[in-house]
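One structure is given here, and the rest of the page talks about it.
Throughout, read-outs are computed from the coordinates displayed, never taken from laboratory work. It should be emphasised that the depicted structure is a prediction, and the values quoted were computed from it without experimental measurement. For neighbour counting, all protein chains shown are included, and Cβ atoms are generated from backbone atoms with ideal geometry for every residue, glycine included.
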Amino acid sequence: MRIKTYTIRGNIILLIAMIALLISWPVMIHNDYYLLVGIMVLFQIILAVSVFPLIRMGLLFVAQGGFLAIGAYTTALLVTRAGFNTWLAMLISGIVAAIASILIIYPSLRAKGLYFLLVTLSLNQVITIGISNWSWAGGPAGILYIPPPNSIPLPWGATIEFSSVADFYYLVLALASLIVFILYRLWKGYLGKLIKAINTAEDLASSLGVPTLRYKMLIVIICCFVCGIMGSFSALFYGLASPGQFGLFTSFYPIVFGIVGGIGYFAGPIVGTIFLVTLPEFFRFTLEYQPLIYATAVILVMLLFRGGLIGLFAKLVELAQTKSKGKFFMNNLKEN
Amino acid sequence: MEQNVIVQVLINGLTTGLIYVLMALGFSLIFSILRVFNFAHGEFYMLGAVLTYYIVSIAGLPFYVGVLAAMLAMGLLGLVVERIMFRPLADQALPSFIVALGLSMGLSALMAVIIGSRGKYISEPISGVIKFLGASISWYTLTVIIASIFLVLGLHILINYTKFGRTIRAVASNPKAALLVGVKTKSIRSQTFAIATGLAAAAGALMAPLYYITPYIGNQVIFKVMVVVILGGLGSIPGAVFGGLILGFIESVGLTYIGGIANIFGWLFIIVLLLVRPQGLMGKK
């Protein structure tokens, strides 16, 4: 696409500036509250980016909350009841969530369109209601007093401790960079092409010998693995895992972020998450109106900008480009 | 098990079941005509209850006037909402789902600001109970049952035996062909939306005296409606009636004899059902 060549230098500068800003954020802002907002943004970006390929294929996967819960409880139980190392527990949480998704995903993918949304929604409910009735795991109160992550010894003798909010900020920043980078590589590679193919013409793709179902399963499994890891992070960060943290709206938010940001581009969910998670912070002074402002923003973006926020940006870039070439303005969002 | 308990449970199930039917009918209508998965339908129910509360306890009008006024007002609101929010996104399933989700969040947040989250209460317009097969049923419950049956029958007649209903069915089965033979699909869409919001408001208004009115009742109801719709199949009207009544009875029996954990069986049942029949119990392929 033309846009890519046009903004590639801008992209790299932007990326470096972003990374510098993200790393220096705790140093610049000596305020734990803004760090918490930063953690929230990065956490949600990971969720939104991991569910984004599914939205692209028209699969509204709303069981992320459930798989976060599976991850959080796995870590919580392994660490508090079995005394596992927290990092090992985190990895196991991801694997457990992925295995759990393997068990359910094949049958769920038989349901098409909105029925897929309903199956995953029910799944989310079953997991959270089931956990809150599981008395060995604390019932509705959940598991409390989960210790913070083990310190990491560095080769030159120092250790990384996890005691302040800034430490957790860097942890989630590292997780976000790693996960977003890997998912971006996948998206730019074969898997991304397949996703686009499945989105535009699934029957055609499968008639050409692409095992579409298998790839859909793979993408769901990747998404659930990420959810498991992030659930584990949330258990370690908050020091507790309770069913109330993983309600249905936990699953809805990443999808809302993705679509508001625009699903035409990989950056869409990231832009959407940053916009919608930080937006209420500008309205701290009027606490009770916050949800209202939030909802209004969602509706307005959907009504005003086809293709989400990123679609608006792409349109502006294309407009500038075609104007300079003297060409007629064309809608470039065919990708949707 | 005593007979009067069984009758009581069945009557309770019938009442809630009929309310679910009213909700699911509107939801299904919107889905089959506008192709919108209207997550905000629960909020229309909530608004119906809130409006009735204001009309009855602030303006001091009789309850039944309140119900009718709430229905009308919500119908008008439905017209406006459809025009502003859903018509520009016609036939775009994903954006309109997100808009509906945003509308749902927005309306309950707005009501939380206006009425507060603690809940309001209006008393039943008629008091007294009647004895029926050993069970005691309040007159008001009976009113709710009769009114809901009337509304369901009214909708049935409207859709199946009038010219307007024929156009609705035409748009549902093939919007392009309907447009070609001269059906004003756009106005059919907004009118259908208005009817559906009116029905939701009626359901909310009728249930208002039986429960506390909080900004969050919409959320509770919408999930039930989803269950009903899955049971009955999206876009199927007999399915909505069947699913609503079944869920009403299951819930009533479950809450009486099993307790809170009964909820999980409902959701598990849905998963199993959709695995066996991915198009819903009565839905078509």
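Taking one equal scatterer on every alpha-carbon of the range A:156-251, how large is log10 of I(q)/I(0) by Debye at q = 0.10, 0.11, 0.16, 0.18 1/Å? For the requested q values the scattering log ratios are -0.44, -0.51, -0.85, -0.95.
Normalised by residue count, the range A:2-335 yields a Cα convex hull volume of 167 Å³ per residue. Dividing the alpha-carbon radius of gyration of the protein assembly as shown by the rule-of-thumb value 2.2 N^0.38 Å gives 1.01. Considering only A:S206, A:S108, A:S251, the mean-square fluctuation computed in a Gaussian network model of chain A, springs between alpha carbons under 10 angstrom, is largest for A:S206. Here's how it looks for B:K120: its modeled amide H is under 5 Å from those of B:I213, B:T214, which are all 5 or more places away or on a different chain. Per residue of peptide A:59-71, the mean number of Cβ atoms on other chains within 10 Å of the residue Cβ is 0.
Note on B:F193, B:F44: ascending count of other Cβ atoms within 10 Å places them as B:F193, B:F44, the fewest first.
For A:I160, the amide hydrogen comes within under 5 Å of the amide hydrogens of A:I152, A:L154, counting only partners 5 or more places away or on other chains and with H modelled in the peptide plane. Take each residue of peptide A:289-302, count the partner chain Cβ atoms within 10 Å of its Cβ, and average: the result is 6.
Relative contact order, whole percent, for the range B:3-218 stands at 44, derived from Cα pairs under 8 Å and 6 or more residues apart. With Cα atoms as the point set, the radius of gyration and Dmax of the range A:1-130 evaluate to 19.1, 55 Å.
For B:S187, neighbours were defined as the other residues whose beta-carbon sits under 11 Å from its Cβ, and their charges (Lys and Arg +1, Asp and Glu -1) total +4.
One chain, two ends: A:S24 and A:V165. Fully extended at 0.36 nm per residue, the span grows by 49.3 nm beyond their Cα-Cα distance.
Computed over chain A, relative contact order equals 28 percent, with contacts defined as Cα pairs under 8 Å that lie 6+ residues apart.
Counting every alpha-carbon pair across the range A:234-273, the share separated by more than 13 Å comes to 58%. Each of B:H41, A:H30, B:H156 has some number of other Cβ atoms within 10 Å of its Cβ, and from fewest to most they run A:H30, B:H156, B:H41. The Cα atoms of the range B:134-285 define a convex hull whose projected area, averaged across directions, is 11.4 nm².
Identify the trypsin sites (Lys or Arg not before Pro) of the range B:158-190 meeting these criteria: DSSP loop state and at most 15 other C-beta atoms within 10 Å of the C-beta.
For trypsin sites (Lys or Arg not before Pro) across the range B:158-190 that sit outside H, G, I, E and B with at most 15 neighbouring Cβ atoms in 10 Å, the list reads B:K184.
Once both labels are modelled 7 Å past Cα along the beta-carbon direction, what's the B:Y212-B:I84 spacing in nm? So the two model labels end up 3.0 nm from each other.
Computed over Cα pairs, the Kirkwood radius of chain B leads via Stokes-Einstein (0.692 mPa s, 37 °C) to a diffusion coefficient of 170 µm² per second. Largest mean-square fluctuation among B:S57, B:S190, B:S104, in a Gaussian network model of chain B whose springs join Cα atoms under 10 Å apart, belongs to B:S57.
Given a 10 angstrom Cα cut-off, can you work out which residue in A:L121, A:L103, A:L36 is the most mobile in a GNM of chain A? Answer for the Gaussian network model of chain A: A:L103. Phi angles of the range B:112-122 translate, via the Karplus equation with coefficients 6.51, -1.76, 1.60 and θ = phi - 60°, into HN-Hα couplings of 5, 6, 6, 9, x, 8, 7, x, 10, 9, 10 Hz per residue; Gly and Pro are given as x. Extending 7 Å from the Cα toward the beta-carbon at both A:E288 and B:L72 defines two label points whose distance is 3.1 nm. Residue-wise HN-Hα couplings along the range A:239-249, as the Karplus relation 6.51 cos²θ - 1.76 cosθ + 1.60 with θ = phi - 60° gives them from phi, are x, 8, 10, 9, x, x, 6, 10, x, 5, 5 Hz; Gly and Pro carry x. Measuring r between the beta carbons of B:I130 and B:N160 and using R0 = 45 Å, the FRET efficiency lands at 0.85.
When A:V165, B:V36 are sorted by how many other C-beta atoms sit within 10 angstrom of their C-beta, beginning with the fewest, the order is A:V165, B:V36. A Förster radius of 30 Å combined with the Cβ-Cβ distance from A:W136 to B:V272 puts the calculated FRET efficiency at roughly 0.75. For the set A:K193/B:K186; A:K112/B:K163; A:K193/A:K315; A:K112/B:K176; A:K112/B:K224; A:K193/B:K184, the pairs lying more than 29 angstrom apart at their alpha carbons are A:K193/B:K186; A:K112/B:K163; A:K193/B:K184. 3J(HN,Hα) couplings calculated from phi for the range B:76-88 with the Karplus curve 6.51 cos²θ - 1.76 cosθ + 1.60 (θ = phi - 60°) are, in sequence order, 5, 4, x, 4, 5, 4, 4, 5, 7, 9, 9, 5, x Hz; Gly and Pro show x. Residue by residue along B:89-98, Cβ atoms of other protein chains within 10 Å of the local Cβ number 5 on average.
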